[in-house]
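Report on the structure given below.
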Amino acid sequence: MTLAATVIDGKAVAAEVRARVAGEVTELAAELGRPPGLATVLVGEDPASAIYVRRKREACEEVGIRSFHHEPPGDIPQEELLALVAELNANDEIDGILCQLPLPGGLDADEVINALDPAKDVDGLTPSSAGLLSRGDPAGLVPCTPSGVMELLAHAGVDPSGAEAVIVGRSNLVGRPLYSLLLGADATVTTAHSRTADLGEVCRRAEILVAAAGRPRLVTAEMIRPGATVIDVGTNRTDDGLVGDVDYAPAAEVAGAITPVPGGVGPMTIAMLLDNTVKAARG
Ligand code: NAP
């Protein structure tokens with residue numbers, strides 16, 4: 001098998017973003033008289049969530065962002081979790097707040113997200129952040145994974161303007177905000193989802209194809225327009241290890257450029273979280 005596509009190296013692009021952010025953190029710390037601060041809230045003991053939060057905190061340390069970590073038990077009452085959010089909202093040393101999702105059963109994640117101060121909403125999930133983004137207003141904070149996708153496209157030299165873009169997935173975390181970002185960049189955007197009648201036909205239109213469905217190898221080579229740029233957001237743990245939503249090896253024979261899993265979008269999510277924390281600290 002020959003690999004026709006250019007591989008978009010998310011690790012390398014993320015390292016560039018982190019280096020830029022580290023410089024900005026140094027300047028900002030001098031201006032503010034304190035380092036920018038990110039609060040992380042890990043509720044309960046979900047092992048995957050614990051790994052994600054640890055990586056985020058380590059990445060903060062590397063660039064000089066101070067991290068404030070809270071680890072309430074999984075059975076914390078909703079009111080106590082809301083009180084913690086209120087305390088973090090009020091803390092002047094904290095510029096960003098990240099509440100790792102999913103929350104344990106019994107807790108209302110929407111209510112927790114709605115309680116975040118939008119100025120500290122570094123995951124870009126509050127209704128205020130989502131509303132500003134959907135209006136094309138740059139004042140709000142943008143979810144990290146979709147902004148990481150845009151950064152990867154820019155580094156790959158792919159201009160969305162006038163391009164046919166297809167996103168598979170319509171979650172609040174990835175698909176919907178990415179729709180707004182690609183539309184804002186003047187792409188003609190289609191969003192596919194689980195009720196899309198003919199996914200292959202829709203995907204084959206795409207010059208930019210983003211897979212964010214959480215279904216291992218859902219996007220096959222036959223669904224890809226030759227030469228398309230394929231961004232694989234999916235991270236699926238299978239018996240074969242971590243795989244994306246794209247059937248990578250055959251897809252790479254058809255695509256013009258493609259992100260691997262791991263090493264594509266994943267590292268960008270953390271890099272953009274650091275970037276958002278600096279943006280939040282600037283106010
Ligand atoms: P999600 O909330 O489960 O949303 C999945 C979306 O995909 C839904 O809109 C769903 O459609 C659609 N979908 C599911 N099966 C489909 C199918 N067979 N055909 C077409 N569409 C289908 O997931 P998410 O939070 O957006 O995450 C998506 C994937 O990205 C997951 O694998 C997740 O682990 C990964 N992810 C990775 C990163 C990273 O940093 N690399 C960050 C975030 C997420 P309906 O709306 O109709 O149900």
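Taking the longest Cα principal axis of the chain as reference, the axis of helix 78-90 is set at about 80 degrees. Under a Gaussian network description of the chain, with springs only between Cα atoms under 10 Å, the residue in Gly74, Gly264, Gly157 that fluctuates furthest is Gly157. In the full protein context, segment 1-96 carries 54 Å² of accessible surface per residue, based on a 1.4 Å probe and ignoring ligands, DNA and RNA.
The portion of the accessible surface of the chain made up by carbon and sulfur, rounded to a whole percent, is 50 (1.4 Å probe; DNA, RNA and ligands excluded).
On a per residue basis, segment 196-283 carries 39 Å² of accessible surface, using protein heavy atoms and a 1.4 Å probe.
Kindly give the semi-axes, whole Å and largest first, of the ellipsoid equivalent to the chain, taking each as the square root of 5 times a Cα gyration tensor eigenvalue.
The equivalent ellipsoid of the chain has semi-axes of 32, 20, 18 Å.
For Ala139 and Thr188, the difference between the fully extended length at 0.36 nm per residue and the C-alpha to C-alpha distance is 15.3 nm.
Highest GNM mean-square fluctuation among Ala14, Ala192, Ala83, for the chain modelled with Cα contacts below 10 Å: Ala83. Measure nothing but the geometry: give the 0 to 90° angle between the long axis through the Cα atoms of 47-63 and the longest principal axis through the Cα atoms of the chain, rounded to 10°. Between helix and principal axis, roughly 80 degrees. Residues of segment 59-99 with an amide N closer than 20 Å to a point placed 7 Å from the Cα of Ala29 along the Cα-to-Cβ direction: 59-69, 92-97. Beta bridges assigned by DSSP with both partners in the chain are antiparallel in approximately 10 percent of cases. The local environment of Ser147, defined by Cβ-Cβ distances under 12 Å, has a net charge of -2 under the rule Lys, Arg +1 and Asp, Glu -1.
The distance between label points at Asn89 and Ala197 comes to 4.5 nm (points 7 Å beyond Cα on the Cα→Cβ vector).
The values are calculated or read from the model by the stated rules, or taken from the named source; none is laboratory data. Everything numeric here is computed off the predicted structure, so don't read it as measured data. Because the Cβ atoms are built from the backbone with ideal geometry, glycine has one as well, and the counts that use them run over all protein chains shown. The accessibility values were calculated without ligands, DNA or RNA, using every heavy atom of the protein model including side chains. Shrake-Rupley method; radii C 1.70, N 1.55, O 1.52, S 1.80 Å.
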